[in-house]
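The values are calculated or read from the model by the stated rules, or taken from the named source; none is laboratory data. Predicted model only: the values in this text are computed from it and were never measured. With ideal geometry, Cβ positions are generated from the backbone for all residues, glycine too; neighbour counts draw on all protein chains shown.
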Amino acid sequence: MIKFRTEIIPAEQRFVKNSKDRSLNLKAICIFAATGFFLEKDTYFTNLEALQPATDYELDENRYITDSKTYWEWNYIPRDISLKQATEEFAHLFEKLTNENLKGKKIILPLSGGLDSRTQAAAIENNSDINCYSYKFENSFDETKYGKEICRVRNFSFKELTIPGGYLWKVIDKLSEINNCYADFTHPRQMAVADQIKNLGDTFYLGHWGDVLFDEMTEDENISSEYQTEILFKKIIKRSGTELAGALWNHWGLDGEFTEYFKKRISELLGQIKIDNANSRIRAFKSMYWAPRWTSANMKVFSELHPVYLPYYDNEMCRFICTIPEHLLAGRQIQIEYIKMKNPELAKIPWQTYDPLNLYNYKNFEKKSGIPLRAYKKGKRIFREKILNKKLVTRNWEIQFKGKENEKHLENYLFHNDEFNKLVPHKIISGFYKKFREEDEVYYSHSVSMLLTLSVFAKKFIDADNG
């Protein structure tokens, strides 16, 4: 008998068989097509299920589940504490976790213009071996400037990387082996620079999920369960996702209607979370069903290179967040106050969302005094795009799907794969591809990305042993 325990937020997807009936789970694939990730236990196949978070499992010698029991549940038991106290407690916990898990390691820290990685940069001890990097797209604005400034303040080593156009086609086979097609291929841009970042150290220090734990989920924490379901549905569904899922649902002749089925699934899972506060309940849902199946799906891109440590995934951090009043989590207050307290110079670096404003004055962006700045940023963008006809690359799919060479590779996967064309008919594929090319490339980019993912899955895994 095999016994093991999954983490509260697992950093790796793990699967077990539940029967010998290896049929395609078409309803699950429809949800995947709509959202980019599988929900709860769902996989591509009816006889394969994903292990769930915070659960103790027992497996027999054939690796079938004989028993499972949840050992911890998300909760909301807020304490009567001030922002100052919450920040100080966060500082103690975050620095303890960081130092305990990274002591003696040669750390690789990806940096962005947001708060999660900046919080990490503030927490690391001065005598640590830190090697940082940031990347930008070809023909885009310089996202690396924030990382450069953070490293200047902290005296960390820094490497600037550029994500080249069309890199996907060189790594798509390797990427499909890493994530087994459980996430689309347009997001893990670190694949383009894997060889370069691998040589920077021996442990990745990643900031995934900090933005969910340390922010509000909705402005009204007293909304009904029905409205919470609607909020989650809108957050989870990608542009054109419902349209693609509906087309597949109807083609496969599934009972009922996709949207109704998906909302019912969300509502049932949400109903199992025994939390009254809507903010905390939605955060719990996302941490149970979104993080392990979406955020973690491509974590192996990092762990294939080196071990990873994710402080915001840590069990202690999850337990801590359940004790913090929601009004202190709103607006990223704790992270902002921590950075200001720990390293004021880091807090003076512009926050990308509000650039050129920083953590001391970013609130001015939404005030009347910020109107000239907002107008200037908008005017600058319009002038660049409409007058100079120079639109910057800002989305992952733009460097992978646009341009003649990219189109040649994409069309080969979509239209010249017999296994895929058995699964999804030419009419659906060509219809969505035409809408992407001729109607609204932004809106339909997700559908094309998911069709590409299903094409690779069909070629590699439909006839393969999925043991």
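A quick yes/no check of all residues on (1) touching a residue at least 12 places away in the same chain (Cβ under 8 Å); (2) part of a helix (DSSP H, G or I); (3) of a type in the set (Phe, Trp, Tyr); (4) within 30 Å of Leu109 (Cα to Cα):
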position: Asp195; (1), (2), (3), (4): no, yes, no, yes
position: Leu200; (1), (2), (3), (4): yes, no, no, yes
position: Glu216; (1), (2), (3), (4): yes, no, no, yes
position: Thr259; (1), (2), (3), (4): yes, yes, no, no
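Can you tell me which residues in region 238-249 are touching an Asp or Glu at 6+ places or on another chain (Cβ under 9 Å) and modelled with pLDDT of 95 or more? Give the steps one after another, and end with the answer.
Looking only at region 238-249, we keep the residues that are touching an Asp or Glu at 6+ places or on another chain (Cβ under 9 Å), and these are 239-240, 246, 249.
Matches in region 238-249: Ser240, Gly246, Trp249.
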Looking at the structure I just gave you, is Glu12 in contact (Cβ under 8 Å) with a residue 24 or more places away in the chain and assigned to a loop (DSSP other than H, G, I, E, B)? yes
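Pick from Asn389, Asn421, Asn412: which is at pLDDT 95 or above and more than 25 Å from the chain's Cα centre (by Cα)?
Numbers: Asn389 fails: at pLDDT 95 or above; Asn421 fails: at pLDDT 95 or above.
Result of the check over Asn389, Asn421, Asn412: Asn412.
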Could you list, in sequence order, the residues of region 270-284 that are in a helix (DSSP H, G or I), more than 20 Å from the chain's Cα centre (by Cα) and not aliphatic (A, V, I, L, M)? Gly271
The correct count of residues that are at pLDDT below 95 and farther than 19 Å from His306 by Cβ in region 182-215 is 5
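To keep it simple, each residue is scored yes or no on (1) closer than 17 Å to Glu316 by Cβ; (2) in a helix (DSSP H, G or I); (3) not polar (S, T, N, Q).
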residue: Trp74; (1), (2), (3): yes, no, yes
residue: Arg79; (1), (2), (3): yes, no, yes
residue: Lys84; (1), (2), (3): no, yes, yes
residue: Glu88; (1), (2), (3): yes, yes, yes
residue: His92; (1), (2), (3): yes, yes, yes
residue: Thr98; (1), (2), (3): yes, yes, no
residue: Asn101; (1), (2), (3): yes, yes, no
residue: Ala121; (1), (2), (3): no, yes, yes
residue: Asn126; (1), (2), (3): no, no, no
When the residues of region 157-177 are narrowed to those that are touching a Ser or Thr at 6+ places or on another chain (Cβ under 9 Å) and not in a helix (DSSP H, G or I), which ends up nearest to Arg395 (Cα to Cα)? Ile163
Quick test of your reading of the structure: Ile108 fulfils all but one of (1) assigned to a loop (DSSP other than H, G, I, E, B); (2) within 22 Å of Ile349 (Cα to Cα). Name the failing condition by number. (1)
In region 105-142, which residues are modelled with pLDDT of 95 or more, among the charged types (D, E, K, R) and within 28 Å of Gln400 (Cα to Cα)? Asp116
